[in-house]
Amino acid sequence: MPLYEYVCKNPGCPRSTVRTERYLPTMSSPDPPCVGCGGDTVKVPSIPNIVFVGAITARYNDPKKEGAHKEGYWASRVKSTTRDDGKPEPVFIETFQDQAKFCKSEGLINPKETPAGLEIREDGRGYKSTRGNPGQWI
């Protein structure tokens, strides 16, 4: 049975902004009534679910890009760049040791060493608590 998402057409209904998932026996089944007011509903596009299996690196990379066949990822060296023009230097990181060295040279926190209950800040230079008092910067 296919799964569809519906929204109520009645703007006064409290469910008019809430998506409701419904299983229908066939694709040609009529749209079901709203669960809130019993009015008409409209089928809306669903957000697709994409399942990645394995590491999201070489298997899903663009094969035309340099290093796409390798397992790893690209990072930009900003703090410890060796370029004369001052632009970030691209670095390909293949191993956890490469990642640890990169993080240390850039003054960043290595995600592999993040304690449980903490999340790395957006700038990569501190932690944010996810337990107790969530959102507190450490």
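Cross-link partners of Lys101 among aspartates and glutamates, defined as those whose alpha carbon lies under 19 angstrom from its own and excluding same-chain residues fewer than eight positions apart: Glu71, Glu89, Glu113, Asp123.
Taking 7 Å steps out from each Cα toward its Cβ at Ser29 and Leu3 produces label points 1.4 nm apart.
Spacing of the modelled spin labels on Lys64 and Lys43, each 7 Å from Cα toward Cβ, amounts to 3.5 nm. Modelled spin-label separation between Glu89 and Glu71, with each label point placed 7 Å from Cα along the Cα-to-Cβ direction: 2.7 nm.
Each value in this text was obtained by applying a stated rule to the coordinates, not by laboratory testing. What you see is a predicted model, and the numbers here were worked out from it, not measured in a lab. Neighbour counts are summed over all protein chains in view; Cβ atoms, including those assigned to glycine, are modelled from backbone coordinates with ideal geometry.
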